[in-house]
Amino acid sequence: MGSWIAVERHPHGRLELVEGDIVDQHVDAVVNAANSSLLGGGGVDGAIHTAAGPALLDACRALPADGHGRRCPTGEVRVTPGFGLAARWVIHAVGPVYEERYRARAETLLQQTYRSAFAAAAELGARSIALPAISAGAYRFPVHAAARIATAEARSVLDRPGSLEVVRFVLF
């Protein structure tokens, strides 16, 4: 699973920070920091596609795309089976590309991305979810700002009743 960094208890579950590989997580749902085409890429996206196997790419290709090849707009999510992963589902989340002059919009979109991922997990009845630091890699979102948004959204979910009992951020 990885090395524990921190555990925070909440009224309806716990927030975990783990250093490790997201593809090794034994949870109900894994969040993929995807691009809008959902056809794989580098970083977390590439690792998840590789570990899940070619059926994941086939499932993503089967999702409808707009005229520009976008299967998932920024701030939204799409769900597929986990295939070769330990997780039952993959929640593909498209976060914003960060540009300082549009900081407020990027922050709003990142909040929306996490909210969409948590809402999808709730719809699936997932009890546990593992997430990467969405947009904090190739999409250049400042790490401290991304962490503040991610943990605030996770705490909000865990402070009210719902299906999610474990929200695990997996940091590579």
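The values are calculated or read from the model by the stated rules, or taken from the named source; none is laboratory data. The model shown is predicted, which means the values in this text are computed figures rather than measured ones. In this analysis, Cβ positions are derived from the backbone assuming ideal geometry, glycine residues included, and neighbour counts consider all displayed protein chains. SASA here: full protein model, heavy atoms, side chains in, ligands and nucleic acids out. Shrake-Rupley method; radii C 1.70, N 1.55, O 1.52, S 1.80 Å.
Of 132, 81, which residue is closer than 17 Å to residue 49 by Cα, touching a strand residue (DSSP E or B) at 6+ places or on another chain (Cβ under 7 Å) and open to solvent by 50 Å² or more (accessible area, probe 1.4 Å)? So that I can check it myself, show each step before the final result.
Working: 132 fails: open to solvent by 50 Å² or more (accessible area, probe 1.4 Å).
Unique residue meeting the criteria: 81.
What residue, among those in segment 101-155 that are assigned to a loop (DSSP other than H, G, I, E, B) and of a type in the set (Ser, Thr, Tyr), is modelled with the highest pLDDT?
Restricting attention to segment 101-155, the residues satisfying the condition of being assigned to a loop (DSSP other than H, G, I, E, B) are 125-127, 132-142.
If we keep only those that are of a type in the set (Ser, Thr, Tyr) too, we end up with 135, 139.
Working: 135: 97, 139: 93.
Applying the filter and picking the extreme gives 135.
A quick yes/no check of all residues on (1) hydrophobic (A, V, I, L, M, F, W, C); (2) in contact (Cβ under 8 Å) with a residue 24 or more places away in the chain; (3) out of contact with any Gly (no Cβ under 8 Å at 6 or more places or on another chain):
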residue	(1), (2), (3)
34	yes, yes, no
38	yes, yes, yes
45	no, no, yes
48	yes, yes, yes
53	no, yes, no
56	yes, yes, no
65	yes, yes, yes
72	yes, yes, yes
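Picking from 6, 86, 51, which residue would you name as being among the aliphatic types (A, V, I, L, M) and in a loop (DSSP other than H, G, I, E, B)?
Working: 6 fails: in a loop (DSSP other than H, G, I, E, B); 51 fails: in a loop (DSSP other than H, G, I, E, B).
Every option except 86 fails the conditions.
Please enumerate the residues belonging to segment 137-157 that are surrounded by 22 or more Cβ atoms within 10 Å (Cβ to Cβ) and either within 18 Å of residue 85 (Cβ to Cβ) or not β-branched (Val, Ile, Thr) (or both).
Passing the criteria: 141, 146, 150, 154.
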